[in-house]
């Protein structure tokens with residue numbers, strides 16, 4: 001059974017005396033509590049009646065909307081419900097879900113979202129309603145049953161609908177969304193990712209494509225579109241077909257392609273995704289983002305952060321990183337398959353066998369090396385503390401998704417021997433044009449002919465003496481040389497004639 005509770009008018013109904021008791025229970029001093037009470041009780045309001053305000057009156061309950069302290073105070077009030085349910089579970093008034101031999105899961109709180117899980121029984125439903133009613137009378141936070149949901153696992157739909165009708169709540173059916181994540185759906189299907197793809201499409205409106213320069217489109221790709229599907233990617237392994245669809249949307253937006261239109265892609269998208277250190281624009285791929293986010297869970301597990309999530313995974317799958325067959329499907333099992341690509345013969349041997357493949361040290365060079373190793377080990381002093389994993393990419397020892405993402409993208413080709421020249425003092429679009437010039441991927445007559453496009457002539461339409469190539473337009477043509485000379489005089493630097501971008 002899963003009961004998702006919705007609090008009615010969450011901020012407006014909190015009792016101040018209950019909030020003060022909660023702060024006192026959490027150890028806040030009386031002086032600090034008096035400041036909080038003075039802050040929330042100083043508000044005045046009036047009502048507009050036919051456009052005319054009434055006389056002001058003072059509030060007697062609730063928190064101010066927009067107050068920076070209000071979310072934190074509200075979380076503390078909700079947190080006070082936690083020990084009540086823990087006590088009810090320990091004393092047997094409410095039976096949660098037994099996971100493994102040690103973990104008993106009964107409720108999950110996040111901000112104003114409260115979910116209660118347990119066995120399907122009349123006693124459990126009565127206990128939930130009784131405790132929520134007591135909490136409502138004490139704190140002022142009522143439950144909006146019309147927006148609350150009830151889900152039954154391995155229970156007939158008729159029974160769930162009947163109980164939901166008695167309670168006055170809605171029926172929750174999988175798959176459903178919780179905190180932006182799809183729960184109960186098969187994310188191994190392509191259509192399960194339609195919502196994430198639609199969100200990316202919504203960000204790529206036509207007016208943005210027609211009004212933004214190529215520099216603005218690159219900025220939008222990095223800041224907005226790169227983080228749009230981050231919630232789903234942090235939980236599930238994205239299918240390759242879905243990743244290709246997402247990258248196709250970004251590629252078309254960067255190249256200025258609208259809808260079903262076709263346009264020449266002057267440079268490979270893989271080069272755009274590559275790091276600037278290897279000749280790209282540093283956009284980063286969705287593949288690297290997905291794998292880095294999934295590896296974060298592995299890092300949290302091996303670091304043993306002591307959270308509820310760690311104990312839950314430990315109870316379900318054990319405390320190792322080996323792929324278990326205890327559950328036919330789970331996101332954690334998919335993550336482990338990405339980390340355990342190779343296995344040893346000993347990993348597949350029955351656990352009852354006690355085998356050792358070690359042999360004694362042979363004479364000669366092996367004996368000498370073994371003695372040297374013993375001397376090195378004898379000088380090592382181990383502290384009486386637990387070992388911990390150290391993340392070596394940033395020098396701080398703490399895992400960072402950005403570092404893992406860059407490492408994955410730098411592992412795969414293409415890699416250019418020359419890094420991208422990027423000057424912060426010039427506009428982004430100028431840097432991109434220079435980058436395209438370096439790769440000779442600008443829309444000019446010579447490149448059009450190489451792509452099989454029919455043009456009326458290869459010669460420059462201005463001078464009509466040279467073929468329209470990148471070196472001619474930017475370095476050898478008279479006007480371009482004069483402009484370069486004037487810029488050098490303006491910046492007070494010596495001018496030197498060059499013929500190519502590399503020079």
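The values are calculated or read from the model by the stated rules, or taken from the named source; none is laboratory data. All values derive from a computational prediction rather than experimental measurement. Cβ: placed from backbone, ideal geometry, glycine included. Neighbour counts: every protein chain shown.
Data for the structure
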{"item": "All helices (runs of 4 or more DSSP H) inside region 391-469 with 2 or more residues being at pLDDT below 85, touching a strand residue (DSSP E or B) at 6+ places or on another chain (Cβ under 9 Å) and surrounded by 13 or more Cβ atoms within 10 Å (Cβ to Cβ)", "result": "445-450"}
{"item": "Test for residue 92: is it more than 31 Å from the chain's Cα centre (by Cα) and either more than 25 Å from residue 180 (Cβ to Cβ) or in the same structural domain as residue 142 (by TED's automatic domain parsing) (or both)", "result": "yes"}
{"item": "Hey, residue 218 assigned by TED's automatic domain parsing to the domain that holds residue 405, exposed (fewer than 13 other Cβ atoms within 10 Å of the Cβ), touching a helix residue (DSSP H, G or I) at 6+ places or on another chain (Cβ under 8 Å) and on the phi < 0 side of the Ramachandran plot or not", "result": "no"}
{"item": "Hey, residue 284 touching a residue at least 12 places away in the same chain (Cβ under 8 Å), within 18 Å of residue 411 (Cα to Cα) and part of a loop (DSSP other than H, G, I, E, B) or not", "result": "yes"}
{"item": "Number of the exception - residue 68 against (1) under 25 Å from residue 138 (Cβ atoms); (2) part of a loop (DSSP other than H, G, I, E, B)", "result": "(1)"}
{"item": "Answer from 383, 353, 376 - the residue that is loosely packed, with under 14 Cβ neighbours inside 10 Å, in a loop (DSSP other than H, G, I, E, B) and modelled with pLDDT of 60 or more", "result": "383"}
{"item": "Matching option when the condition is exposed (fewer than 15 other Cβ atoms within 10 Å of the Cβ), in contact with a helix residue (DSSP H, G or I) (Cβ under 9 Å, 6 or more places away or on another chain) and at pLDDT below 90, among 189, 173", "result": "173"}
{"item": "Residue match in region 108-119 (condition: in the same structural domain as residue 19 (by TED's automatic domain parsing), surrounded by 13 or more Cβ atoms within 10 Å (Cβ to Cβ), at pLDDT below 85 and closer than 21 Å to residue 6 by Cβ)", "result": "yes"}
{"item": "Region 7-26 residues that are in contact (Cβ under 8 Å) with a residue 40 or more places away in the chain, paired with ones that are part of a strand (DSSP E or B) (beta carbon under 6 Å, 6 or more apart)", "result": "8/142"}
{"item": "Selected residue (criterion: surrounded by the most Cβ atoms within 10 Å (Cβ to Cβ)) from residues of region 60-73 that are out of contact with any helix residue (DSSP H, G or I) (no Cβ under 9 Å at 6 or more places or on another chain) and on the phi < 0 side of the Ramachandran plot", "result": "71"}
{"item": "Checklist (1) more than 30 Å from residue 317 (Cβ to Cβ); (2) within 36 Å of the chain's Cα centre (by Cα) applied to residue 1, failing item", "result": "(1)"}
{"item": "Residue within region 226-236 that is within 25 Å of residue 425 (Cα to Cα) and in contact (Cβ under 8 Å) with a residue 24 or more places away in the chain present", "result": "yes"}
